[in-house]
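Peer 1: Here you go, one structure.
Every read-out reported here was derived from the displayed coordinates using simple, explicitly stated rules and does not represent laboratory data. On a predicted model such as this, the values are computed, not experimentally measured, just so you know. Positions of Cβ are generated from backbone atoms using ideal geometry, with glycine treated the same way; all protein chains shown enter the neighbour counts.
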Amino acid sequence: MFAYKGSLQGRRIRLIQVLPDSDSSTLSVQLVERNLDESAFEALSYVWGDQTRKKRIKCNGKRAKIGANLHAALKEIRRRKSVRLLWADQICINQSDIREKNHQVRLMSDIYARSDRVIIWLGEQQPRDIKGMSLASTLYLKENGNRYDLDIGIYDFHKFDCKSRGVPDPEFNPTWTALFGIIANSWFGRIWVVQELLMAQDSIMWKGSLDLDTEVMLWSAMLIQRHKNLSVCYDISMGSPEVSALRAANIAAGYYDFKNKGPLPIYDTLSRHLGMGATDPRDRFFALVGVSSGLAGAFINYNKAFRDIACLVGKMTLLGTPDYHVAEDGTEIVSMEHNPENYRFLIDWLAFHANPQNHSLGIPSWVPDLVSPHSTGLILTGFYKSQYLLERRDVPNPEIHMDTGFYRVSGPSGVIWQTSVPNEIQIKGANFDEVKTIAQSRPKLPSADQYTRNSSINLLNSLEAMSNYETEMVYWLSAIRMLADPSLDAQGSIVDGQSFDAFWRNLLYNRGPRFDYNSPNKKAGNYLGVTFGYWYLWKKYQMAKPWRSDALAWAIGDKVLQKLAEPFEEAEGRVRCARKFFVSHHGRIGWVPFRTRTGDRICVFRGVRMPFVLRPQQDRWEIIGACYVHGLMDGEVWDLTGLEWKFMRFV
């Protein structure tokens, strides 16, 4: 069996030389040791895949086993005969040697940056891949034949029109399905690919024998995820939620941002790549070190537990200290360029995830969850960021207390403030209400895999499923309407009463279908209250199953109501299923995280616009997550009388 000889030191790396075909069917490679700074080589970006499906190879003449996906990539390299030396982590790093692994993983950003080219391996070619690749190339050309540039922020993806661009309609189209299949590739869900792509000086995607332009595929992913109709068609075609399209689009956005702006703090980088996969959970953090600002190589340490790493990043996030290093005596130091006496600590990050999974991750509740996939619906920090209020009113600075203190030092670029990593961070807050009633969860749309174009039986089943869903929606809306205002007549109309305005605004978190960057505090327009009526009528129309008696009349009526209801449907679609409707002890209404229980407290932190749900745990508190409380999202909460501010400790 193959065995590694010694541990790599300094800038030494191992490289793979794939040997040409021989009489044996076994793939043969030669592993050679080189100096990173003096070698010409290419690097492979790929998914490890199922490691229970090992393939046999010969390495330096000895028997060895590697993953099936890497084996397929090396076979393609052998067939092409175009790569002399290759770096691939599974073979080039002794994975069982923790000291070498720490050392080599710290070098990985340099390895990908210094490689002549990064080959992105998407797996073996499928028959339909050529159609998908051709469509992607067409999408990437503007109407005048020029390619799009990297500044994706200037494009309105919603305005993309298939007909005017000469491409087929995406609904149930095999060419689009082929492209969707490429975007759904597992490569787009692996956290390590972010660094591997961003650090590459040059890259190309291989799908078997096909060559795909990296920027073309990234652009296509962005278009599919941001264009409403395309994202729906992707969902239906893949028969699963659009998480892969979202991950691919996030990689694309991160790629464009990195090329234009450079590295960001680790917490900003993490927030762009939630839910990405890694064999070792610690790699969720380590994989982004090379593309994040201010992190010393010592941050990568496989002797540390996942909890310790998550807590360290959590403290850096809340303090806004992106720089980290380890002092000579082993003390962990974080630093920032701002004077902490008048600095707005970044407590808003606690609201980043609608339903933090800290309890299942095994990390404290005060650590921002920058790992778990987002639940569907609105990210509160995107629309209720505390800094948006600074131009409208006085906003107090968040106040924290920790067992270490900042001190001023002179750095290469000026004065900075440093502190040893604190054991805990306390935040000043005040409880002002309590959760009294929590409604049932909002009904969920029928799964996309019920839709099939060529089956009339499945079409009828889909219509029946949608009708049943809309029936549940009507009953659910009626139920939460009565919870919100028990004084209403149960037999009356849902739009009755003076509380109706608050009710429909609450359904939308009081925001319209599009975010206005020039007016970030803009509330939902009154016209949406009118379109609620059409939206509700559309649901009752579906509830009656009119297609059973007159399919043509139903189709016309459905299309008219759908168009009239569209503004409210789009606005509600951005927030649906993210939280549960609740009523507080003082009669306030809003939305709370799924783990909320009756009796949990509603709290406001000093200087943070969004309220939070807290659960008492003896002399401490568990942070359940941020919530929406109607009428208290624009700073009104700080003006409540009787607030008892105190530093709170958390579990």
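Peer 1: Can you bin the range 528-588 into rounded, prolate or oblate? Criterion: square roots of the alpha carbon gyration tensor eigenvalues sorted a ≥ b ≥ c, rounded for a/c under 1.5, prolate for a/b above b/c, oblate for the rest.
Peer 2: Prolate, since a/c reaches 1.5 and a/b exceeds b/c.
Peer 1: Give me the one-decimal nm value for the distance between modelled label points at Gln562 and Gln51, 7 Å along each residue's Cα-to-Cβ direction.
Peer 2: Between Gln562 and Gln51, the simple spin-label model gives 4.8 nm.
Peer 1: For the chain, treating each Cα as an identical point scatterer without solvent, what Debye log10 I(q)/I(0) comes out at q = 0.06 1/Å?
Peer 2: With one equal scatterer per Cα and no solvent, log10 I(q)/I(0) is -0.40.
Peer 1: Can you tell me how much longer the chain between Glu636 and Lys65 gets when fully stretched, taken as 0.36 nm per residue apart minus their C-alpha distance, in nm with one decimal? It would help to have the intermediate numbers written out before the result.
Peer 2: Values: separation 571, 0.36 × 571 = 205.56 nm, distance 6.28 nm.
Here the answer is 199.3 nm.
Peer 1: Now for a different question. Taking the Cβ of Tyr469 as the centre, find all other residues whose Cβ is under 11 Å away and add up their charges (Lys, Arg: +1; Asp, Glu: -1). Display every interim value, and only then the final one.
Peer 2: Working: positive: Arg442, Lys444, Lys539; negative: Glu464, Glu470, Glu472.
Taking every Cβ under 11 Å from that of Tyr469, the sum is 0.
Peer 1: Do the sum for the chain: with -39,500 (n - 2.57) for every DSSP H run of n ≥ 4, divided by all residues, what is the mean residue ellipticity at 222 nm, to the nearest 500 deg cm²/dmol?
Peer 2: Numbers: 19 runs with 218 residues, N = 651.
My calculation for the chain gives -10500 deg cm²/dmol from helical runs alone.
Peer 1: Is the range 502-651 best put as rounded, prolate or oblate by its Cα gyration tensor, with a ≥ b ≥ c the root eigenvalues, rounded for a/c under 1.5, and otherwise prolate when a/b is larger than b/c, oblate when not?
Peer 2: Prolate shape, in that a/c is at least 1.5 and a/b is the bigger ratio.
Peer 1: Still on this structure: Which whole-number percent is the relative contact order of the range 442-576 (Cα, under 8 Å, 6+ apart)?
Peer 2: 26
Peer 1: Based on DSSP, what percent of beta bridges with both residues in the range 12-121 are antiparallel, to the nearest 5?
Peer 2: So the antiparallel bridges amount to about 60 percent of the total.
Peer 1: Shape of the range 281-427 from its Cα gyration tensor (a ≥ b ≥ c, root eigenvalues): rounded if a/c is under 1.5, otherwise prolate when a/b > b/c, or oblate?
Peer 2: Cα axes put the range 281-427 in the oblate bin.
Peer 1: Please report the net charge: other residues with Cβ closer than 13 Å to the Cβ of Thr279, K and R +1, D and E -1.
Peer 2: Surrounding charge for Thr279 is 0.
Peer 1: Same structure again: If exposed means no more than 10 neighbouring beta carbons inside 10 Å and the site is in a DSSP loop, what's the longest run of the chain without any exposed GluC sites (Glu not before Pro)?
Peer 2: The longest uninterrupted stretch comes out as 392-643.
Peer 1: Mind checking the dipole of the chain: about its Cα centre, +1 per Lys or Arg Cβ, -1 per Asp or Glu Cβ, Debye to the nearest 20? Please list the in-between numbers first.
Peer 2: Values: 80 positive and 71 negative charges, 318 e Å.
In total the dipole reaches around 1520 debye.
Peer 1: Right, another one. With a Cα-only, solvent-free Debye model of the range 12-121, what are the log10 I(q)/I(0) values at q = 0.15, 0.21 Å⁻¹?
Peer 2: -0.62, -1.26
Peer 1: What is the distance in Å between the Cα centroid of the range 421-437 and that of the range 577-609?
Peer 2: With the range 421-437 and the range 577-609 each reduced to a Cα centre, they are spaced 13 Å.
Peer 1: By how many nm would the segment from Ala327 to Gln126 grow when fully extended, if each residue of separation counts as 0.36 nm and the alpha-carbon distance is taken off? All intermediate terms of the calculation are to be shown ahead of the outcome.
Peer 2: Details: separation 201, 0.36 × 201 = 72.36 nm, distance 5.21 nm.
Using 0.36 nm per residue and subtracting the Cα-Cα distance, I get 67.1 nm.
Peer 1: Sticking with the crude label model, points 7 Å out along Cα→Cβ, report the distance from Gln498 to Ser478 in nm, one decimal please.
Peer 2: In this crude spin-label approximation the distance works out to 2.6 nm.
Peer 1: Applying 1/(1 + (r/R0)^6) with R0 = 60 Å to the Cβ-Cβ distance of Tyr407 and Ser375, what FRET efficiency is obtained, to the nearest 0.05?
Peer 2: Efficiency for this residue pair is about 0.90.
Peer 1: Another question, then. Assuming R0 = 41 Å, can you tell me the calculated FRET efficiency for the pair Asn102 and Ser82, based on Cβ-Cβ distance, to the nearest 0.05? Don't jump to the answer; show the numbers that get you there.
Peer 2: On the way: r = 33 Å, r/R0 = 0.80.
That pair, Asn102 with Ser82, gives E of 0.80.
Peer 1: Apply 1/(1 + (r/R0)^6) to the Cβ-Cβ distance of Lys228 and Gln387, taking R0 = 30 Å, and write down the FRET efficiency to the nearest 0.05. Mind showing how you got there, number by number?
Peer 2: Values: r = 29 Å, r/R0 = 0.96.
Given R0 = 30 Å and the Cβ-Cβ separation, E is 0.55.
Peer 1: Still on this structure, please answer the following. Cα atoms only: what Rg and Dmax, in Å, come out for the range 216-290?
Peer 2: Gyration radius and largest Cα-Cα distance of the range 216-290: 13.6, 36 Å.
Peer 1: Now a separate question. Taking a virtual spin label 7 Å from the Cα of Val32 along the C-beta vector, which residues in the range 72-86 bring their backbone nitrogen under 14 Å of it?
Peer 2: Only 83-86 pass the distance filter.
Peer 1: Next up: Stretched out fully, how many nm does the piece from Leu552 to Asp202 gain, at 0.36 nm a residue minus the Cα gap?
Peer 2: Contour length minus the Cα-Cα distance gives 120.5 nm.
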